Amino acid sequence: MRNVSARALLCAGGAIAAVSLAGAARAEAPAQTGAPLALSLEETLRRAEAQSPRVLAAKRAVREARAKKVGTAIVVPANPRLSGDLRPPVTQGTLHDLGYAAQLEIPLDLTGQRHTKVREAERGIEVAGADLAVERREARSEAWSAYVHAEAASARIEANIALVRIGERILNAARQRASQGASGDIDQTMATTELAELAAQVESARRQYGEHLDALREALDLPAEQRLALTTPALVDPPPAPDEATLVTRAIAVRPELGAIRSRLAWLGATDDRLVRETLPKMGVYLGVDAAPVSPIFGLVGLSVELPVAQRNQGPRAQVAEARTSESERLDLQARQIAREVARARAAYESRRSELKVISETAQPAAERTLELVEIGWLAGRFDIFRVTTAARDVARVRGLRLDALEAAWVARVALDRAVGGLP
């Protein structure tokens, strides 16, 4: 039994050393060099909306849409066409009487097609801008969630270190009782085991903290070696949500998905206008000169008109008409879906807040008071070590439950913010 106790004490010493090496909860791996980048929650969300990889891709799409507008307003829609011919004499005359003709034809946009092309390009830019707003909302939610998870992991490190200190206190008390002959080696081995488990939980929380910081770097497009220091305590008690009707009204007004659908409807309308104008006859002007064999030279000027002998753009116009109908139906469907999404997100958020309140106000104080009383009774000889370790485990479990509930409440808050399109 003494050998077992000695080995257990060595394990406890290693566990305590590991905890002492853990350091501050917000410190990162020593392999990363340089001053850490201080990030508040506000700065994190601003960076995510400006430089997230998905936002950068959407910004590129906006620039591509703007490039499509270049050249749509020109009056001459195609290059001028120059044609010419030679007219040798056939019935009389010689090669000296060789005639010729030349004609320059310039197509002109006289039916207003260029205006419809400009409007279509502008509506396309609005569609890309609406998609950019959607990606910014998604990037905001992604970065906020990563920040909350990292803060939760940091809080778990601090909570587990506090539990390690409780375990050290129990282990020291067990040693004193053993030196006084009030207990045997089993009390020390039990206390040592509990302490080692708590030290392992500290390292697990540190690993999770690093993983969530990696997710935050990914959301902000930061280098892997960039050290981070989170400065906003993101795990305070979450505030209550506004009433459902207010949130639904706000979501219908500001959700970027609805704006994207409205932009696509406007773009399809502009496309339909362009296709209608393209069915009109194309027109142009031409200038020419004609010198026929054995005849005087004369010039010519005129107007060319395309003959619309068959209806055109039937397929594209039919596709645009169906797409407009689909987008209109999708707009109504999306609005109803958003209302349901907001209601679910708000209900989930309030449920998480209720769960957190019960654990914080009832379960955790009771568990901590139980541990205090059991520890006093154990030191007085009324309880055995098993009651103490059980009470300590209950404290650890309840504190873990509170952190889980607090993290879940803030994740639900982020989901509600996403569903509404930005909480006021």
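What about Arg54, is it under 30 Å from Ala409 (Cβ atoms), basic (Lys, Arg), touching a helix residue (DSSP H, G or I) at 6+ places or on another chain (Cβ under 6 Å) and open to solvent by 30 Å² or more (accessible area, probe 1.4 Å)?
Details: under 30 Å from Ala409 (Cβ atoms): yes; basic (Lys, Arg): yes; touching a helix residue (DSSP H, G or I) at 6+ places or on another chain (Cβ under 6 Å): yes; open to solvent by 30 Å² or more (accessible area, probe 1.4 Å): yes.
So Arg54 passes the test.
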Unmet requirement for Asp243, which otherwise passes all of (1) over 25 Å from the mean Cα position of the chain (by Cα); (2) within 30 Å of Asp394 (Cβ to Cβ):
(2)
Out of Ala348, Ala343, Ala339, Ala363, which single residue is at pLDDT 80 or above, hydrophobic (A, V, I, L, M, F, W, C), in contact with a Lys or Arg (Cβ under 8 Å, 6 or more places away or on another chain) and closer than 30 Å to Val236 by Cα?
Ala363
Of Ala219, Ala245, Ala234, Ala215, which residue is buried (at least 19 other Cβ atoms within 10 Å of the Cβ), in a helix (DSSP H, G or I) and among the aliphatic types (A, V, I, L, M)?
Ala219
May I ask you to list the residues in the stretch 103-118 that are of a type in the set (Ser, Thr, Tyr) and open to solvent by less than 20 Å² (accessible area, probe 1.4 Å)?
Thr116
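Quick check on this structure: which one of Ser52, Ser20 is hydroxyl-bearing (Ser, Thr, Tyr) and at pLDDT 80 or above? Show your work before the answer.
On the way: Ser20 fails: at pLDDT 80 or above.
One residue alone meets the criteria, Ser52.
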When you check Ile170 against the structure, is it among the β-branched types (Val, Ile, Thr), out of contact with any strand residue (DSSP E or B) (no Cβ under 8 Å at 6 or more places or on another chain) and either surrounded by fewer than 18 Cβ atoms within 10 Å (Cβ to Cβ) or not in a strand (DSSP E or B) (or both), yes or no?
yes
Of the conditions (1) surrounded by fewer than 19 Cβ atoms within 10 Å (Cβ to Cβ); (2) closer than 30 Å to Thr193 by Cβ; (3) of a type in the set (Val, Ile, Thr), Thr389 satisfies every one except a single condition; which number is it?
(1)
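Of all residues in the stretch 249-278, which are among the β-branched types (Val, Ile, Thr) and open to solvent by less than 20 Å² (accessible area, probe 1.4 Å)?
First pass over the stretch 249-278, keeping only residues among the β-branched types (Val, Ile, Thr): 249, 252, 254, 261, 271, 276.
Ile261, Thr271 - these are the residues of the stretch 249-278 that are among the β-branched types (Val, Ile, Thr) and open to solvent by less than 20 Å² (accessible area, probe 1.4 Å).
May I ask you to list the residues in the stretch 189-212 that are among the hydroxyl-bearing types (Ser, Thr, Tyr), modelled with pLDDT under 85 and either crowded, with 19+ Cβ neighbours inside 10 Å or on the phi > 0 side of the Ramachandran plot (or both)?
Looking only at the stretch 189-212, we keep the residues that are among the hydroxyl-bearing types (Ser, Thr, Tyr), and these are 189, 192-193, 204, 209.
When the remaining residues are screened for being modelled with pLDDT under 85, the result is 189, 192-193.
The answer is Thr189, Thr192.
Just to be sure before I move on: is Ser83 more than 22 Å from Ala260 (Cα to Cα) and among the polar types (S, T, N, Q) in the structure I sent?
Details: more than 22 Å from Ala260 (Cα to Cα): yes; among the polar types (S, T, N, Q): yes.
Yes: the conditions hold for Ser83.
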Pairs only if they're at least six apart or on different chains, beta carbon under 9 angstrom, first in the stretch 34-48 and more than 14 Å from Ala146 (Cα to Cα) and in contact (Cβ under 8 Å) with a residue 40 or more places away in the chain, second open to solvent by 60 Å² or more (accessible area, probe 1.4 Å) and not acidic (Asp, Glu); list them, first residue then second.
Gly34/Arg227; Ala35/Arg227; Pro36/Arg26; Pro36/Arg227; Leu37/Arg227; Ala38/Thr231
Residue pairs meeting the criteria (Cβ under 9 Å; at least 6 apart or on separate chains; first of a type in the set (Asp, Glu), in the stretch 152-180; second open to solvent by less than 10 Å² (accessible area, probe 1.4 Å) and part of a helix (DSSP H, G or I))
Glu158/Ala205; Glu168/Ala12; Glu168/Ala191; Glu168/Leu195
Among the residues of the stretch 73-84, is there at least one that is modelled with pLDDT of 80 or more, open to solvent by 80 Å² or more (accessible area, probe 1.4 Å), part of a helix (DSSP H, G or I) and not acidic (Asp, Glu)?
no
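So that you can scan it fast, the table gives a plain yes or no per residue for (1) more than 25 Å from Ile338 (Cα to Cα); (2) open to solvent by 20 Å² or more (accessible area, probe 1.4 Å); (3) in a helix (DSSP H, G or I):
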{"position": "Ala101", "(1), (2), (3)": "yes, no, no"}
{"position": "Glu120", "(1), (2), (3)": "yes, yes, yes"}
{"position": "Glu126", "(1), (2), (3)": "no, yes, yes"}
{"position": "Arg136", "(1), (2), (3)": "no, yes, yes"}
{"position": "Arg140", "(1), (2), (3)": "no, yes, yes"}
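Going by the structure shown, is Ala318 modelled with pLDDT of 90 or more, in a helix (DSSP H, G or I) and either under 30 Å from Ala146 (Cα atoms) or not acidic (Asp, Glu) (or both)?
no
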Looking at the stretch 33-50 only, could you name the residues that are open to solvent by 60 Å² or more (accessible area, probe 1.4 Å) and either part of a helix (DSSP H, G or I) or not β-branched (Val, Ile, Thr) (or both)?
Ala35, Pro36, Ala38, Glu42, Arg46, Glu49
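The values are calculated or read from the model by the stated rules, or taken from the named source; none is laboratory data. Computed from a predicted model, the values in this text were never measured in an experiment. FYI the Cβ positions are ideal-geometry reconstructions off the backbone, even for glycines, and counts take in every protein chain you see. Keep in mind that these areas ignore ligands, DNA and RNA; they rest on the heavy atoms of the full protein, side chains included. Shrake-Rupley method; radii C 1.70, N 1.55, O 1.52, S 1.80 Å.
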